[in-house]
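> Here it is, the structure, as structure tokens.
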Amino acid sequence: MPSTKGAITLTLISNGFPVNFSRITRVAAIGAVAALALTACAANEGAPDTSKTPDASTSLSGTLVGAGASSQQVAVQTWTAGFQIGNPDATVDYDPAGSGTGRESFQQGAISFAGSDRAFKLDEITAGGFGACDANSGIIELPAYISPIAIVFNVDGVESLNMDAATIAGIFAGTITNWNDPVIAAANPDAKLPDLAISPVHRSDKSGTTGNFTDYLAAAAPSVWSFGSVEEWPVQSGEAAQGTSGVVAAVKGGQGTIGYADASQAGTLGTVAVGVGAEFVPYSPEAAAAVVDASPLEADRTAGDLAIKIDRTTEAAGVYPIILVSYLIGCETYADAKIAPLVKGFFEYAISAEGQDAAAASAGSAPISSKLREQASAAIALIK
């Protein structure tokens, strides 16, 4: 079983929220609930109207257990709050233990759904062994969370820097080691760069964020980054930290540090604008969404498996190529049929326009396009 340390459990109290909010009001309410959970605030301000209750004949009940990507942590918390508005007797427990742990736990049957910053590879699917699924079931993979991966740093007096792919790769490969290196200085003539050692911070755990970051390095700077696209950090240097929050904390706690993290957790750290074609593009949800919209689905996948092949080397204007597409993963057919309606309902809320807007407000993610939502809805319809 996956560790329950840091697990997210959101349960709205008995009477719940009204189910006939307008979309805008509901998103605001969901954001408020998620913010309360994130800060562990027990205040009773803004209590919901208890004069109306969800329709018991249509609402779901039970506990849905998932684990995986820490990048999705805020989004899953937000989706849970929204899902529970109409289903106050349902509970979603999500452990942000990392993408690798989530996929492994899903294969073992320890959880009913996984969050992962990469889709399962075709050979992994062929090997089978998805414990929660019926023996002959395929899997569902939904690109539900799209976010930039921010390159964050902590250098006194410097809030932003321009770097191309080769510079970023050189820093994390250990070949560029000082903040006043001529390559960094040339791209940032107005920055006051100190004579200070660069201290890279990377993930210590098997991580989909690492996989997406190294996928960018391998595609955009192959002559500098020779380690390929990998989920376990390959360079024996720098500082290792557990999870997204660990990397951010290590960068904040050091001086001259630099790391990579889901942009939702970048906070007030300095960030890098990435070289794309002739310009340097700062991260944003819009720039991340532009890459996804221009990228095709992977070949040889089933109808419910919506794995995206991200174009990391695009030179289109305004595109930010260091992104992660994080998936919600479930079974087409569950071994325990009672779990299927819970998974289906939670996934439906997560990819809905309301769910995507709420996640964007709380986590800074990029809402999926209407076309991708239609494809995801068709995939969810396969769950039984």
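The values are calculated or read from the model by the stated rules, or taken from the named source; none is laboratory data. For clarity, every value in this text was computed on a predicted model and none was experimentally measured. Don't worry about glycine lacking a Cβ; one is built from the backbone with ideal geometry, like all the others, and counts go over all protein chains shown.
> Before we move on, is TYR260 assigned to a loop (DSSP other than H, G, I, E, B), touching a strand residue (DSSP E or B) at 6+ places or on another chain (Cβ under 9 Å), in the same structural domain as ALA220 (by TED's automatic domain parsing) and crowded, with 19+ Cβ neighbours inside 10 Å?
On the way: assigned to a loop (DSSP other than H, G, I, E, B): no; touching a strand residue (DSSP E or B) at 6+ places or on another chain (Cβ under 9 Å): yes; in the same structural domain as ALA220 (by TED's automatic domain parsing): yes; crowded, with 19+ Cβ neighbours inside 10 Å: yes.
Spelling it out, it is not the case that TYR260 is assigned to a loop (DSSP other than H, G, I, E, B), touching a strand residue (DSSP E or B) at 6+ places or on another chain (Cβ under 9 Å), in the same structural domain as ALA220 (by TED's automatic domain parsing) and crowded, with 19+ Cβ neighbours inside 10 Å.
> From the residues in region 205-231 that are at pLDDT below 95 and in a loop (DSSP other than H, G, I, E, B), which one is farthest from TYR327 (Cα to Cα)?
Checked region 205-231; the qualifying residue farthest from TYR327 (Cα to Cα) is ASP205.
Listed here are the residues, each with its yes/no results for (1) in a loop (DSSP other than H, G, I, E, B); (2) of a type in the set (Ser, Thr, Tyr); (3) within 19 Å of the chain's Cα centre (by Cα).
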site: THR80; (1), (2), (3): no, yes, yes
site: ILE85; (1), (2), (3): no, no, no
site: ALA97; (1), (2), (3): yes, no, yes
site: GLU104; (1), (2), (3): no, no, yes
site: GLN107; (1), (2), (3): no, no, no
site: ILE111; (1), (2), (3): yes, no, yes
site: ALA114; (1), (2), (3): no, no, yes
site: ARG118; (1), (2), (3): yes, no, yes
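> I need the full set of residues from region 225-266 which are among the hydrophobic types (A, V, I, L, M, F, W, C) and more than 25 Å from GLU286 (Cβ to Cβ), in order please.
Hits for region 225-266 are TRP225, PHE227, VAL230, TRP233, VAL235, ALA240, ALA241, ALA249, ALA250.
> In this structure, is ILE383 touching a Gly at 6+ places or on another chain (Cβ under 9 Å) and either touching a residue at least 40 places away in the same chain (Cβ under 8 Å) or more than 21 Å from LEU324 (Cα to Cα) (or both)?
Judged against the criteria, ILE383 is a match.
> Please verify whether region 265-284 includes one or more residues that are part of a strand (DSSP E or B), surrounded by 14 or more Cβ atoms within 10 Å (Cβ to Cβ) and in contact with a Lys or Arg (Cβ under 9 Å, 6 or more places away or on another chain).
Looking through region 265-284, none of the residues is part of a strand (DSSP E or B), surrounded by 14 or more Cβ atoms within 10 Å (Cβ to Cβ) and in contact with a Lys or Arg (Cβ under 9 Å, 6 or more places away or on another chain).
> From the residues in region 149-188 that are acidic (Asp, Glu) and under 30 Å from the mean Cα position of the chain (by Cα), which one is surrounded by the most Cβ atoms within 10 Å (Cβ to Cβ)? Walk me through it before giving the result.
Taking region 149-188 and keeping what is acidic (Asp, Glu), we get 156, 159, 164, 181.
Filter once more, keeping what is under 30 Å from the mean Cα position of the chain (by Cα): 156, 159, 164.
Numbers: ASP156: 10, GLU159: 11, ASP164: 16.
Applying the filter and picking the extreme gives ASP164.
> Please work out if VAL272 is touching a residue at least 60 places away in the same chain (Cβ under 8 Å), β-branched (Val, Ile, Thr) and over 30 Å from GLY345 (Cβ atoms).
yes
> Follow-up. Out of curiosity, is GLN236 at pLDDT below 95 and either in a loop (DSSP other than H, G, I, E, B) or touching a helix residue (DSSP H, G or I) at 6+ places or on another chain (Cβ under 8 Å) (or both)? Outline the logic, then answer.
On the way: at pLDDT below 95: yes; either in a loop (DSSP other than H, G, I, E, B) or touching a helix residue (DSSP H, G or I) at 6+ places or on another chain (Cβ under 8 Å) (or both): yes.
Here the answer is yes, as GLN236 does meet what is asked.
> Return the only residue of GLY270, GLY364, GLY318, GLY275 being over 20 Å from the mean Cα position of the chain (by Cα), under 22 Å from GLY211 (Cα atoms) and of a type outside the set (Val, Ile, Thr).
Only one candidate qualifies: GLY275.
> For region 208-215, indicate whether the set of residues that are in contact with a Pro (Cβ under 8 Å, 6 or more places away or on another chain), among the β-branched types (Val, Ile, Thr) and farther than 25 Å from ASP357 by Cα is non-empty.
Looking for residues that are in contact with a Pro (Cβ under 8 Å, 6 or more places away or on another chain), among the β-branched types (Val, Ile, Thr) and farther than 25 Å from ASP357 by Cα, one finds at least one in region 208-215, hence yes.
> Might you check whether a residue that is assigned to a helix (DSSP H, G or I), closer than 18 Å to TYR334 by Cβ, out of contact with any Pro (no Cβ under 8 Å at 6 or more places or on another chain) and not hydroxyl-bearing (Ser, Thr, Tyr) occurs anywhere in region 126-146?
Taking every residue of region 126-146 in turn, none turns out to be assigned to a helix (DSSP H, G or I), closer than 18 Å to TYR334 by Cβ, out of contact with any Pro (no Cβ under 8 Å at 6 or more places or on another chain) and not hydroxyl-bearing (Ser, Thr, Tyr).
> On to the next question. Residue by residue through region 360-384, note down the ones that are over 19 Å from VAL291 (Cα atoms) and part of a helix (DSSP H, G or I).
Of everything in region 360-384, those that are over 19 Å from VAL291 (Cα atoms) and part of a helix (DSSP H, G or I) turn out to be ALA361, SER362, SER377, ALA378, ALA379, ILE380.
> State yes or no: is GLY267 at pLDDT 95 or above and on the phi > 0 side of the Ramachandran plot?
Working: at pLDDT 95 or above: no; on the phi > 0 side of the Ramachandran plot: yes.
So GLY267 does not fit the description; no.
> Is it the case, given these coordinates, that ALA250 is part of a helix (DSSP H, G or I) and more than 19 Å from the chain's Cα centre (by Cα)?
yes
> Turning to a different aspect of this structure: Which condition number does ALA191 fail, the rest of (1) part of a loop (DSSP other than H, G, I, E, B); (2) surrounded by 24 or more Cβ atoms within 10 Å (Cβ to Cβ); (3) not acidic (Asp, Glu) being met?
Result: ALA191 fails condition (2) only.
> Sort out which residues of region 283-296 are in contact (Cβ under 8 Å) with a residue 40 or more places away in the chain and either among the hydrophobic types (A, V, I, L, M, F, W, C) or on the phi > 0 side of the Ramachandran plot (or both), and write them in order of number.
We begin by selecting, within region 283-296, every residue in contact (Cβ under 8 Å) with a residue 40 or more places away in the chain; these are 283-289, 292-293.
Residues satisfying the conditions are ALA287, ALA288, ALA289, VAL292.
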